[in-house]
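Quick notes on the structure that follows.
The values are calculated or read from the model by the stated rules, or taken from the named source; none is laboratory data. Just so you know, these numbers come straight off a predicted model, no measurement behind them. Note that each Cβ is placed from the backbone with ideal geometry, even for glycine, and that neighbours are counted across all protein chains shown. Quick note on the areas: whole protein, heavy atoms, side chains included, nothing else; ligands and nucleic acids left out. Shrake-Rupley method; radii C 1.70, N 1.55, O 1.52, S 1.80 Å.
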Amino acid sequence: MQSMKHSIKHQKAGSLYATFERKGPGAKSSHYCPGCGHGTVHNLIAEAIDDLGIQDRVVFCSPVGCSVFAYYYLDVGNIQCAHGRAPAVASAIRRTHEEAIVISYQGDGDLAGIGLSQILHAANRGENITVLFINNAIYGMTGGQMAPTTILAQKTITTPAGRTAANEGFPLHMAELINTLQAPVFIERVSLGTAAKVMRARAAIRKALRYQTKKKGFSFVEILSPCPVNWKMTPVEARRWLENSLEPVFPPGNLRDLPNAAPAALGAPGAPGATGVSGATGAPRVPGVSGAPGEPATPGAAEPVISQKAATKSERDILEILGANSEPLPTGTVSLAEEQNVKIAGFGGQGVLSTGILLANCAIAEGLRTTWLPSYGAEMRGGTANASVNISHEAIGAPIVSQPNVLLALNLPSLDAFEETVRPGGHILVNSSLVPRQVRRGDLHAWYIPATDMANALGTVQIASVIMVTVYALISGAITIDTLRRVIPLSIKRKSLVDINLRAIDAGVAWHRQECCQDFGRPRLPHVSVAGGTAPGATSEEPPVASSQDPSA
Amino acid sequence: MDSQEKSYIEIDPARCKGCACCVVACPKDCIQIGSEINQMGYQFARFAVRQCIGCGLCFYTCPEFGAITVYTLPRKGE
């Protein structure tokens, strides 16, 4: 037992849970194999989190691999990321949570295999995150297959005779690869081969995290780690092999350390790496990067001065490019009777998703809160697609709409699929050109709009969804027609189509006027109505419409 | 525990998987793998030789969570 004089010098970190319930109530051991490097690194991370006092700020992004269960151990914010995507998830957290300390923890299959794109782009953006890369040169969780970092002649179950360059290529050197990028501020490779090297790994992890707390930018620590089970060695043999075979291929050491890097700031012209490029010697840190001092400029290549010009475009210029510099968009003119949970459904290619974006953008222009969430099959065209749009005065909890109060059914399968999900008293807007049946339910409002026929008469069937949204705007009052007209030019990529979309709005307004509002207050209803009658705003929001438009012609 | 010793460690048998990394890490050869078997079926490590200098290398090398705790006497002035 501890004597009165002795004090604890090293103990289990406070950032680790007291017990690990996944292994059974009160379990104290990890799920890792004996001698696994993951536990050692977890301990180092937890200690660093304790010592830096950042436990409440840390978001730990665990990968796919054996460490997928890191969230059972580390008592911090945790996200378990899709395979390879941890740096992308970490970037999102970085951009949305200013005070978060974001750790992306990945293995070699995760980071250097499936997630190679994510790590390079996150590093290249210089996200202020810390990436810890566990390189054990093998796929551990799946049972010992060759990894991108498997060294030549190393035997795995998919390279039983040893990896050969001719057949499987060379091992990927991730730290060196990251070091070709300008943005990172700290890149180091460490090893768990001996106790002394573990202490160096400890120092690197602490430094990387400290840099993040100072908002210096992207830090990357590659940790050579043993996988005794899949290497088919004892834990002690594995560490010896790590030192004698792995380290010569992946030499440990610091590749970059920019302690004086300016805190990363969005929009700043010079990334931290740019500081490094113009070192004391004038030699570029990253060879071959154009614009670095001493590099011959390629004739005709884009020079930095051009990008600076682009960067100094004023907001007004950008608005002019977007065609939106004339008048400010209206805001705060709409008062919703109830939160709008809209489902727009149809074939892929009917403009379902883009119509959803249009609706959401209009809601933003109205000063409302909104979300847009697409759902679609693998096909670009002809498959089914639907978009969920929420519009509210309040913060919106979840973007998905499972029980809409408004359904825009652009085809029959959509009506079949979603009719039963609409809440009683809600609205179903049916594209009657393509839907040959009536709405079966009697406890909601049904509107039959020959949108595809109307659109075809105007010249293209693709604007049917805009007609539908126009009618929805009129019956719900969630957005005004004026807003719709202003937002349409901003939403459409091909400017030649702006005019026909505006005419689609006119057609929708004309249809609504003709079919619903001939007798104010007592509409000649093309829809089945429940007791209680008309939708909020049915007659109050209608703007004047050009009389020359005749959609049914 | 002999309070005359500057430092010592405690190994929790229930957490140890007997990987022996601490045995290799210890510069004073204080740790051995015992013959007893714990509930997980591993022969766990034991603090056997009392020459501990409190360096913490076993602690940092250990892949388990909280299997090793290091105790030491406060330095002068603390």
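Descriptive notes on the structure:
- Where B meets A: accessible area buried, both sides, 1.4 Å probe, Å²: 3000
- Chain-alone versus full-assembly comparison, segment A:180-222, residues with accessible loss of at least 30 Å² (1.4 Å probe): A:A195, A:M199
- Convex hull of segment A:340-516 built on C-alpha atoms - directionally averaged projected area, nm²: 9.4
- Extension gain from A:V249 to A:A457, taking 0.36 nm per residue of separation minus the Cα-Cα distance: 68.0 nm
- As a length-normalised measure over Cα pairs under 8 Å and 6 or more apart, the relative contact order of segment A:340-516 settles at 20 percent.
- Accessible-area composition of segment A:340-516, carbon plus sulfur, in percent [1.4 Å probe]: 53
- Of A:K12/A:K197; A:K5/B:K28; A:K214/B:K17; A:K9/B:K17; A:K214/B:K6; A:K9/B:K28, pairs whose Cα-Cα distance is over 29 Å: A:K214/B:K17; A:K214/B:K6
- Rg and Dmax, both from the Cα atoms of segment B:7-69 and both in Å, are 10.4, 30.
- In segment A:233-259, the residues whose accessible area drops by at least 20 square angstrom when the other protein chains are added to the isolated chain are A:P235, A:V236, A:R239; the probe is 1.4 Å and only protein heavy atoms count.
- Label positions at B:D29 and A:E99, each projected 7 Å from the Cα along the C-beta direction, are separated by 5.3 nm.
- Rounded accessible area of A:K232 (nearest 10 Å², 1.4 Å probe): 150
- In units of the rule-of-thumb radius 2.2 N^0.38 Å, segment A:183-235 shows an alpha carbon radius of gyration of 1.36.
- Length available on full extension from A:E394 to A:D56: 0.36 nm per residue minus the Cα-Cα distance, which gives 118.9 nm.
- Among the protein heavy atoms, those of A:V229 account for about 80 Å² of accessible surface (1.4 Å probe, every chain in place).
- Projected label distance in nm at A:K5 and A:T142, using a 7 Å step from Cα toward the beta-carbon: 5.7
- √(5λ) per eigenvalue of the Cα gyration tensor, segment A:390-458, largest first, Å: 24, 15, 10
- Spacing of the modelled spin labels on A:A196 and A:T164, each 7 Å from Cα toward Cβ, amounts to 3.9 nm.
- Shielding of A:26-32 by partner chains, average beta-carbon count, 10 Å: 5
- Kirkwood Rh and Cα Rg combined as Rg/Rh, segment A:108-164: 1.08
- The A:K232 and A:H83 beta-carbon pair, evaluated with R₀ = 22 Å, returns a calculated FRET efficiency of approximately 0.30.
- Shielding by other protein chains, B:7-17, mean Cβ within 10 Å: 3
- q = 0.10, 0.12, 0.17 Å⁻¹, segment A:92-228: log10 I(q)/I(0) [Debye, one scatterer per Cα]: -0.35, -0.49, -0.91
- Compactness of segment A:38-139, expressed as Rg and Dmax over alpha-carbon positions, Å: 12.5, 35
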